[in-house]
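> Following this message is one structure expressed as structure tokens.
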Amino acid sequence: EDQVTQSPEALRLQEGESSSLNCSYTVSGLRGLFWYRQDPGKGPEFLFTLYSAGEEKEKERLKATLTKKESFLHITAPKPEDSATYLCAVEGSGNTGKLIFGQGTTLQVKP
Amino acid sequence: DGGITQSPKYLFRKEGQNVTLSCEQNLNHDAMYWYRQDPGQGLRLIYYSQIVNDFQKGDIAEGYSVSREKKESFPLTVTSAQKNPTAFYLCASKMRATDTQYFGPGTRLTVL
């Protein structure tokens, strides 16, 4: 059964304190791994898609990496506006677009 | 403005009522999806449609129904058979040839 587990559930950082969020997955035939950012009461906002082990993508203070079993979202020198819930999802084989989501990591960055 | 719209933003339902949530997109996306989000849980797939007039059940389809009569519209009906409908409902869409789904702003449904 395809499964995604994110850790930690919640993370509190001081502004400028770098850290990483983890997304562990089991899926039959990874088609893609997705990271989204979600603000309270809003729909998820797309951040990155990763397709194969060793791939990395960056956007401002965020960097996503992928191995065969997990993905990391590295946050460098975060700012209070980075506070949000970060969601990880995987799509397995089949080309249906069915995404399996983790429960998310809620990040709070204090000034 | 291109994007995905969901309406209403907030919806209140009495026990035993059916309600319909709207999802419209003007991105010319082929596939559309409905997810449910509960506190502390990941998004769960309710129904999806890859082409007009065709749709498939997701992981939690019981108590829900959908239609896909137009490419840009994918309404979700929450029926009285859904025992615990209070949740945040999210609609998403994507091009068939790409992998990334884009989400609408969501509808929060509360059963009174």
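The values are calculated or read from the model by the stated rules, or taken from the named source; none is laboratory data. This is a predicted model, so every value here is computed, not measured. Using ideal geometry, Cβ is built from the backbone for each residue, glycine included, and neighbour counts are taken over all protein chains shown.
> Return the residues of segment B:53-67 that are surrounded by 14 or more Cβ atoms within 10 Å (Cβ to Cβ) and within 14 Å of another protein chain (Cβ to nearest Cβ); say none if nothing qualifies.
Matches in segment B:53-67: B:PHE55, B:GLY58, B:ILE60, B:ALA61.
> Can you name the condition, by its number, that B:ARG108 falls short on among (1) assigned to a loop (DSSP other than H, G, I, E, B); (2) under 23 Å from A:TYR86 (Cβ atoms)?
If we test B:ARG108 against (1) assigned to a loop (DSSP other than H, G, I, E, B); (2) under 23 Å from A:TYR86 (Cβ atoms), just (1) comes out false.
> Within segment A:95-105, does at least one residue satisfy the condition of being in contact (Cβ under 8 Å) with a residue 24 or more places away in the chain and among the hydroxyl-bearing types (Ser, Thr, Tyr)?
There is at least one residue in segment A:95-105 that is in contact (Cβ under 8 Å) with a residue 24 or more places away in the chain and among the hydroxyl-bearing types (Ser, Thr, Tyr).
> Here is a follow-up. For segment B:39-79, name all the residues that are charged (D, E, K, R) and modelled with pLDDT of 95 or more.
B:ARG44, B:ASP54, B:LYS57, B:GLU62, B:ARG68, B:GLU69, B:LYS70, B:LYS71, B:GLU72 - these are the residues of segment B:39-79 that are charged (D, E, K, R) and modelled with pLDDT of 95 or more.
> Would you confirm whether any residue within segment B:45-60 is within 25 Å of A:PRO40 (Cβ to Cβ) and part of a strand (DSSP E or B)?
yes
> I'm trying to understand the selection: among the residues of segment B:30-49, which are crowded, with 17+ Cβ neighbours inside 10 Å and at the interface with another protein chain (Cβ under 7 Å from one of its Cβ atoms)?
Within segment B:30-49, B:ALA31, B:TYR33, B:GLY42, B:LEU43, B:LEU45, B:TYR48 qualify.
> Any idea which of B:THR77, B:THR20 is more than 9 Å from chain A (Cβ to nearest Cβ), closer than 28 Å to A:GLN3 by Cα, touching a strand residue (DSSP E or B) at 6+ places or on another chain (Cβ under 9 Å) and surrounded by fewer than 17 Cβ atoms within 10 Å (Cβ to Cβ)?
Answer to the check: B:THR77.
> Out of A:ALA89, A:ALA64, report the one residue that is touching a Phe, Trp or Tyr at 6+ places or on another chain (Cβ under 6 Å), surrounded by 15 or more Cβ atoms within 10 Å (Cβ to Cβ), within 14 Å of chain B (Cβ to nearest Cβ) and in contact (Cβ under 8 Å) with a residue 60 or more places away in the chain.
Exactly one residue qualifies, and that residue is A:ALA89.
> Filter segment A:13-42 down to residues that are surrounded by fewer than 15 Cβ atoms within 10 Å (Cβ to Cβ) and more than 16 Å from the chain's Cα centre (by Cα), then give me how many there are.
8
> Filter segment A:32-61 for residues that are part of a strand (DSSP E or B) and touching a Ser or Thr at 6+ places or on another chain (Cβ under 7 Å) and give the result. First the steps, then the outcome.
First pass over segment A:32-61, keeping only residues part of a strand (DSSP E or B): A:32-38, A:45-50, A:56-59.
Matches in segment A:32-61: A:GLY32, A:LEU33, A:PHE34, A:GLN38, A:PHE46, A:THR49, A:LEU50, A:GLU56.
> Does B:GLY106 satisfy the criteria of being within 8 Å of another protein chain (Cβ to nearest Cβ), of a type in the set (Gly, Ala, Ser) and in contact with a strand residue (DSSP E or B) (Cβ under 9 Å, 6 or more places away or on another chain)? Steps first, please.
On the way: within 8 Å of another protein chain (Cβ to nearest Cβ): yes; of a type in the set (Gly, Ala, Ser): yes; in contact with a strand residue (DSSP E or B) (Cβ under 9 Å, 6 or more places away or on another chain): yes.
Yes.
> A follow-up question, please. Consider segment B:4-17. How many of its residues are modelled with pLDDT under 95 and surrounded by fewer than 15 Cβ atoms within 10 Å (Cβ to Cβ)?
Here the count works out to 5.
> Additional query: Please go through (1) more than 25 Å from B:GLY58 (Cβ to Cβ); (2) surrounded by 13 or more Cβ atoms within 10 Å (Cβ to Cβ); (3) in contact with a Phe, Trp or Tyr (Cβ under 8 Å, 6 or more places away or on another chain) for A:PRO78 and return the number of the only condition it doesn't satisfy.
The failed condition is (3).
> Also, I was wondering about something else. Evaluate segment A:75-82: report whether one residue or more is in a strand (DSSP E or B), within 14 Å of chain B (Cβ to nearest Cβ) and over 10 Å from the mean Cα position of the chain (by Cα).
The answer is no; no qualifying residue exists.
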